[in-house]
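What follows is one structure encoded as structure tokens, with my remarks underneath.
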Amino acid sequence: METKQMLDKQGKEERSRRLWVRPAMLVLLAFLGVNLSAQEPVTLTLKDALNYALQANQNARKARLDVENSQYRIDEVKSRALPQINGSGSLTYNPLLQQSALPNIFGPNPNPNETILIAFGQKWNANAGVSLSQAIFDQSVLTGLKAARTTEEFYRLNAQLTEEQIIEQVATNYYQVLVQREALTVLDTTIKNTTRVQQILQGQYENGLARKIDVDRIAVSITNLQANRQQLINGIAQVENALKFYMGMPVQTPIVIPAVAQNTIHPQAVLMSDSLDVSGRTEIRLLERQEDLLQYQKEAYKSEYYPSLSLSGNYSYQGIGNKVPVFKGQKQGVNWFDAASVSLNLRIPIFNGFATRSRIRQADVSIEKLKEDISLTTQSLNLAHENAKSQINNNLITLNSQQKNVELAQEIFFNTQNNYNNGLASLTDLLDAENALTEAQNNYSTALLQYRLAEIQLIKAKGQLKTLLN
């Protein structure tokens, strides 16, 4: 009896302890800032997705850091044109002084034929000084300043090109998500219609008006549709993850993309005679700046032929003695004195084994190769523009035919369904009509995606990708 009372008492204490521990843990989690609620989904329009990507995408941030770093490179080159000032100091102890051999012409008994060793210098030597140099004329410095400014523009164009590439990737994946979800909606409608037919067929079978094999066939059809639905859901999740990756958004973040009605898309034809001015394309401008940099590199090599003129100056204060010279003067056996010099330095290159000529010729080859890159890129941009125009117009033809095909398939399906309900059509006819409708609707959705993708490529070819931000 006593044991039972003790156990009951211990159980009450344990339950009381747990009642105190749980609130304490919740308070601790709240104090540490742990989010106990589920993360709210983020609603994304295309404009929201693009603006988010331009701020969060790692490549975009790296490109902006390159622009910032280009200014520091300009400052580095500028420093070569500014005075260079350095300070120095030393404290030297000579335990053994260097001795020199001299003829014995000193002392009380001089003998020129005799050699004696005499040590020169002091045990301690302290020195403090400052030096200054200033470039008066250096062609490489002037060329470097021009190249540094072009480098800044190069990185700005590179950042702009990076942003355009991000816009293209995000917009493409955004439309892919929309079309995949549209396909899911079509499939759900098909499953709903097939389930309704299954219910009718099941009732007919129970009343002896349908065969068991027909009930089984439609059950298999529904199972296949549901399996396709699950695969489509997995595909949507993967496309959404790709979209979040290109945006720079954590893949764990749930997103909601508002549905876009198909009647809000107004495809337009493009005249095949439309031409493209590639001079304004970021890719061409970037290559042109790269060519400028190669030209400046060539000039930098040529500057090796130029003489250079500089001014330098030195000042030092030195103390020597047999005692530590710091804080000691002549009375303690230490002599202090200062020295200064100013010089004008002229350097004239004469011959370096044709090294400069070889570097200049290498620069010429690099420039010629880059010109070929510009020509190839120009052709590639024109090709992309022509392909985008053709794709737009071909998609318009496909869209019109697919739209008519959807309307016809819907009419056939509804007529077949009515005939089946009235006993004038077989189950096979109904399933064939239903599958034909699903295929027509999917083809129409695919055609819309292809139109959107071709439209993005056409906008890119015109160098107008940033208009998608409006």
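Some notes on this structure:
- Note on segment 221-247: among residues that are under 14 Å from VAL42 (Cα atoms) and touching a residue at least 12 places away in the same chain (Cβ under 8 Å), the one that is farthest from the chain's Cα centre (by Cα) is GLU240.
- Condition check for LEU132: over 45 Å from the mean Cα position of the chain (by Cα), at pLDDT 90 or above and more than 23 Å from GLU299 (Cβ to Cβ): no
- Here is the figure for segment 303-329: residues that are part of a loop (DSSP other than H, G, I, E, B), in contact (Cβ under 8 Å) with a residue 12 or more places away in the chain and aromatic (Phe, Trp, Tyr) total 1.
- Considering ALA210, ALA227, ALA259, the condition of being in a helix (DSSP H, G or I) and not basic (Lys, Arg) is satisfied by ALA227 alone.
- Residue match in segment 54-75 (condition: at pLDDT 80 or above, outside any helix (DSSP H, G or I) and surrounded by 10 or more Cβ atoms within 10 Å (Cβ to Cβ)): yes
- Selected residue [among the polar types (S, T, N, Q), exposed (fewer than 11 other Cβ atoms within 10 Å of the Cβ) and farther than 30 Å from PRO267 by Cα] from SER341, SER316: SER341
- Tabulated pairs, segment 403-429, first open to solvent by less than 80 Å² (accessible area, probe 1.4 Å), second not in a helix (DSSP H, G or I), C-beta under 7 angstrom, 6+ apart or interchain: THR416/ALA425; ASN419/ALA425
- In the condition set (1) free of Cβ contacts under 8 Å to residues at least 60 places away in the same chain; (2) under 30 Å from ALA53 (Cβ atoms), ARG281 is compliant with all but (1).
- Test: residue in segment 288-295 that is part of a helix (DSSP H, G or I) and either free of Cβ contacts under 8 Å to residues at least 12 places away in the same chain or open to solvent by less than 30 Å² (accessible area, probe 1.4 Å) (or both): no
- The lone exception for ASN224 - which of (1) open to solvent by less than 80 Å² (accessible area, probe 1.4 Å); (2) of a type in the set (S, T, N, Q); (3) under 30 Å from ASN435 (Cα atoms) it fails: (1)
- The residues of segment 91-117 that are open to solvent by 100 Å² or more (accessible area, probe 1.4 Å), farther than 30 Å from LYS328 by Cβ and not in a strand (DSSP E or B), listed by number, are PRO108, ASN109.
- Inter-residue pairs, beta-carbon under 8 Å, first under 17 Å from ILE233 (Cα atoms) and modelled with pLDDT of 85 or more and in segment 187-204, second open to solvent by 20 Å² or more (accessible area, probe 1.4 Å) and charged (D, E, K, R), 6+ apart: LEU187/ARG229; ASP188/ARG229; ILE191/ARG229
- Qualifying residues in segment 354-392 (those that are modelled with pLDDT of 90 or more and basic (Lys, Arg)) - the one surrounded by the most Cβ atoms within 10 Å (Cβ to Cβ): ARG359
- Test: residue in segment 264-275 that is β-branched (Val, Ile, Thr), touching a helix residue (DSSP H, G or I) at 6+ places or on another chain (Cβ under 7 Å) and either assigned to a helix (DSSP H, G or I) or farther than 21 Å from ALA461 by Cα (or both): no
- Restricted to segment 119-151, and to residues there that are β-branched (Val, Ile, Thr) and farther than 30 Å from PHE327 by Cβ, the residue that is surrounded by the most Cβ atoms within 10 Å (Cβ to Cβ) is THR151.
- Hits in segment 330-383 (condition: among the hydrophobic types (A, V, I, L, M, F, W, C) and in contact with a strand residue (DSSP E or B) (Cβ under 8 Å, 6 or more places away or on another chain)): VAL334, TRP336, PHE337, ALA339, ALA340, VAL342, LEU344, LEU346
- Residue check, LEU449 more than 13 Å from GLN403 (Cβ to Cβ), surrounded by 18 or more Cβ atoms within 10 Å (Cβ to Cβ), more than 44 Å from the chain's Cα centre (by Cα) and modelled with pLDDT under 80: no
- Sole residue being touching a helix residue (DSSP H, G or I) at 6+ places or on another chain (Cβ under 6 Å) and assigned to a helix (DSSP H, G or I), chosen from LEU449, LEU408, LEU383: LEU449
- Residues being among the polar types (S, T, N, Q), farther than 20 Å from LEU184 by Cβ and either open to solvent by 80 Å² or more (accessible area, probe 1.4 Å) or part of a helix (DSSP H, G or I) (or both) - total across segment 230-256: 1
The values are calculated or read from the model by the stated rules, or taken from the named source; none is laboratory data. Because the structure is a prediction, the values reported are computed rather than measured. Please note: Cβ atoms are built from the backbone with ideal geometry, for glycine as well, and neighbour counts cover all protein chains shown. Surface accessibility is based on the protein's heavy atoms, side chains included, excluding ligands, DNA and RNA. Shrake-Rupley method; radii C 1.70, N 1.55, O 1.52, S 1.80 Å.
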